[in-house]
1. Keeping to pairs on different chains or 8 or more places apart, tell me how many lysine pairs in the stretch 1-123 have Cα atoms under 27 Å apart.
2. Using Cα pairs under 8 angstrom and six or more residues apart, how large is the relative contact order of the chain, in percent?
3. Can you give the % of DSSP beta bridges in the chain that are antiparallel, to the nearest 5?
4. Report the one residue of Val84, Gln57, Leu111 whose Cα lies farthest in the direction of the positive end of the charge dipole of the stretch 50-147 (charges on C-beta: Lys and Arg +1, Asp and Glu -1; origin at the Cα centre).
5. Using only helices, what value at 222 nm comes out for the chain when you add -39,500 (n - 2.57) per DSSP H run of length 4 or more and divide by the total residues, to the nearest 500 deg cm²/dmol?
6. At 0.36 nm per residue, minus the direct Cα-Cα distance, what do Lys76 and Arg93 gain on full extension? Give it in nm, one decimal, please.
7. For each of Phe127, Phe143, count neighbouring Cβ atoms within 10 Å of the residue's Cβ, then give the residues from fewest to most.
8. How long is the gain from Asp9 to Lys132 if the chain were fully straight, where each residue apart is worth 0.36 nm and the alpha carbon distance is subtracted?
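Each reported figure results from applying straightforward, stated rules to the coordinates on display, with no laboratory input. Computed from a predicted structure; not experimentally measured. Please note: Cβ atoms are built from the backbone with ideal geometry, for glycine as well, and neighbour counts cover all protein chains shown.
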Amino acid sequence: MRCPFCGNDDTQVKDSRPTEDNSAIRRRRSCSACGARFTTFERVQLRELTVLKKNGQRVPFEREKLERSIRLALRKRPVDEEKVERMINGIVRQLESMGESEIESKQIGKLIMEGLGNLDKVAYVRFASVYKNFREVKDFEDFVGTLAGEPEPEKT
């Protein structure tokens, strides 16, 4: 593993242990050149996934990008970190176990919406505002109305 501080390829593992949910291995490493210490995480990857975007572009799936968008929606919300990590791991497992190597971005968005809907309603609305491309206050009102049990109006 390359040292993130000096770029040296010779680093040593000082400590390894599974994460709390056993979805990864946490390794503490030390660089033999500069002496810096850093942590890496090793996860099982069942298959290489490709995301098919709305514009037809194909890009490699990045767990970090998924995590970033979820954490942005959850920013400053009182949600337990362990629940967030479990949700992210669950989404990634669902994507990997679908049997497809290409996944449409809207399918990923739906899984995130489901997870956030169960986790935190404010984060759910935040994510929906970007995912559903809200343009006016009326879009928010209509969407929040569906959360309160009113049917969502038809878009023209």
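1. Lysine pairs meeting both conditions in the stretch 1-123 amount to 21.
2. On the way: 167 pairs, mean separation 23.4, N = 156.
Value for the chain: 15 percent.
3. Values: 17 of 20 bridges.
The answer is about 85 percent antiparallel.
4. Among Val84, Gln57, Leu111, the one farthest towards the positive end of the dipole of the stretch 50-147 is Gln57.
5. On the way: 5 runs with 64 residues, N = 156.
So the calculated ellipticity at 222 nm is -13000 deg cm²/dmol.
6. Numbers: separation 17, 0.36 × 17 = 6.12 nm, distance 2.63 nm.
Difference between extended and current length: 3.5 nm.
7. Numbers: Phe127 22, Phe143 16.
Starting with the residue having the fewest Cβ neighbours, the order is Phe143, Phe127.
8. Working: separation 123, 0.36 × 123 = 44.28 nm, distance 4.41 nm.
Separation in residues times 0.36 nm, less the Cα-Cα distance, equals 39.9 nm.
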